[in-house]
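Written out below as structure tokens is the structure these notes cover.
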Amino acid sequence: MTNDTDEDVVEAADDEAATVSGPTLEKPAPEKSAPEESAPENRLAKTASAVRYEPGDAESEAVRRFWSVRRVPAALAAVLLVVAAGVLLYDIVSVRAERPAAAWRRELADELAVRGLDDASVVLAAVAAMLLGLWLVVLAVTPGLRGLLPMRRRDDAFLRAGIERGAAAVVLRDRALEVSGVRSVRVSVGRRRVRASAQAHFRDLDVVRADLDAVLGEGIRELGLARQPALAVQVHRPARR
């Protein structure tokens, strides 16, 4: 048992010396060493280190997204319909009062009588109307509010809580800047993944990445999101000037 303990201490000291000294002083890895301790990957880790983590199913719950009220499209559609109906109704009342029809109505009737269905202007008008209707249908059947992430809801809660993606990114960025060795970091929060790209000007990149994994993972859990996003962390050295 004493010999085995001495060999473990010697191997740990050799691994630590290889990590600190750099690739020029790396010692040959043993046959049972992990793949990440090999010489080629260790050399690549000196300039960049990245990893991705997928969330577990137990950390997420089925919560519907927030639905947008679509005030602007609804207001525009209502205004256009009211204006068109009002102008047409006014012209009809004028004709009933034995007044001549409006010039635009006579020209429109003449154009519709002359032009066929295969005319370019008629086809373009039909395509424009179809695209407008399709856009309104998409707005009606999709929830919208992609920038708002739903949070966990308690059983006794009557209100739903949410957090904006930009605010969540700021919180995680501030947490990442507290990690020792991080010079700058960019965090983008999506509905399914959180991506962090950091620059480290000292410390080993793998160590900095491991600290960022722990800090950002804990920060994501503290956000209390209903659906836990995956985490992608990349650490690299700043460009040399």
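The values are calculated or read from the model by the stated rules, or taken from the named source; none is laboratory data. This one's a predicted model, so the numbers in the text were calculated from it and none came from an experiment. Cβ: placed from backbone, ideal geometry, glycine included. Neighbour counts: every protein chain shown. Note: accessible area is taken over every heavy atom of the protein model, side chains too, but ligands, DNA and RNA are not part of it. Shrake-Rupley method; radii C 1.70, N 1.55, O 1.52, S 1.80 Å.
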Item to complete: Using label points projected 7 Å from each Cα along Cα→Cβ, tell me how many nm separate residue 79 and residue 103, to one decimal.
Response: 2.6
Worksheet item: What accessible area per residue, rounded to a whole number of Å², is obtained for region 71-141 using a probe radius of 1.4 Å?
Response: 84
Item to complete: Please report the orientation-averaged projected area of region 94-241, defined via the convex hull of its C-alpha atoms, in nm².
Response: 19.6
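Give me the Å³ per residue figure for the convex hull around the C-alpha atoms of region 71-141.
Per-residue hull volume (Cα only) is 107 Å³.
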Worksheet item: What part of the accessible area of region 102-232, given as a whole %, is carbon or sulfur when the probe is 1.4 angstrom?
Response: 60
Discussion item. Testing the spin-label approximation: label points 7 Å from Cα along Cα→Cβ at residue 54 and residue 165. State their distance in nm.
Written reply: 2.2
Discussion item. Given the whole protein assembly as supplied and a 1.4 Å probe, what does the accessible area of residue 202 come to in Å², nearest 10?
Written reply: 90
